[in-house]
Amino acid sequence: MDVRNCKSCGKMFNYIGHALCPQCMSALEDKFQEVKAYIQDNPSANVTQVAEETEVSVHQLKKWVREERLSFSDSSLVGLNCEKCGKLIKTGRFCELCKQSLGNALAESIKPSPAEQIIAKRKKQNTKMHFLDNH
Ligand SMILES: [Zn+2]
Ligand SMILES: [Zn+2]
């Protein structure tokens, strides 16, 4: 049996894959429902406001949003930033555009810096010259 300390209250509990004990898990779930209801009632509230009103950390709120459990309405002025281009999004980690381009070209998700691009270009030229030499 795997017994651990709860990350929230410090109590020992039987670990079943969550960092929190069953009591804290259900308390967090209650909080989640509270936050969800608050956002529904206050669609224009931003993350900070929601955090203050529901006494949930911004970190936790963002976690829920990233997990796509929570989403801010279109009328909300503040949401999250796309992890790739920084565009304002309401849920998840990337904007629709980036989601698409990530789906199409995973390799291009991180653009090389200009210096890296020059090196890559040079490498290409080198192989080309090499190829010509061999000819
Ligand atoms: Zn606990
Ligand atoms: Zn984006």
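The values are calculated or read from the model by the stated rules, or taken from the named source; none is laboratory data. The structure displayed is predicted, hence computed values, not measured ones. Note: ideal-geometry Cβ built from the backbone for every residue, glycine included; neighbour counts use all protein chains shown. Accessible surface is based on the protein model in full, side chains and every heavy atom, while ligands, DNA and RNA are left aside. Shrake-Rupley method; radii C 1.70, N 1.55, O 1.52, S 1.80 Å.
Things to note:
- Taking residues in segment 88-103 that are part of a helix (DSSP H, G or I), and partners anywhere that are crowded, with 17+ Cβ neighbours inside 10 Å and not aromatic (Phe, Trp, Tyr), the pairs with Cβ atoms closer than 7 Å and at least 6 places apart or on different chains are CYS98/CYS82; CYS98/LYS84.
- Once segment 1-41 is narrowed to residues that are part of a loop (DSSP other than H, G, I, E, B) and among the basic types (Lys, Arg), the residue that is farthest from ligand 2 (Cβ to nearest atom) is LYS11.
- Annotation note: Cβ proximity below 7 Å between a residue of segment 19-35 that is over 12 Å from TRP64 (Cβ atoms) and without any contact (Cβ under 8 Å) to a residue 12 or more places away in the chain and a residue that is within 13 Å of ligand 1 (Cβ to nearest atom) and open to solvent by 50 Å² or more (accessible area, probe 1.4 Å) (sequence gap 6+ or interchain) occurs for MET25/HIS18.
- Among the numbered conditions (1) at pLDDT below 90; (2) aromatic (Phe, Trp, Tyr); (3) assigned to a strand (DSSP E or B), the only one that PHE72 does not meet is (3).
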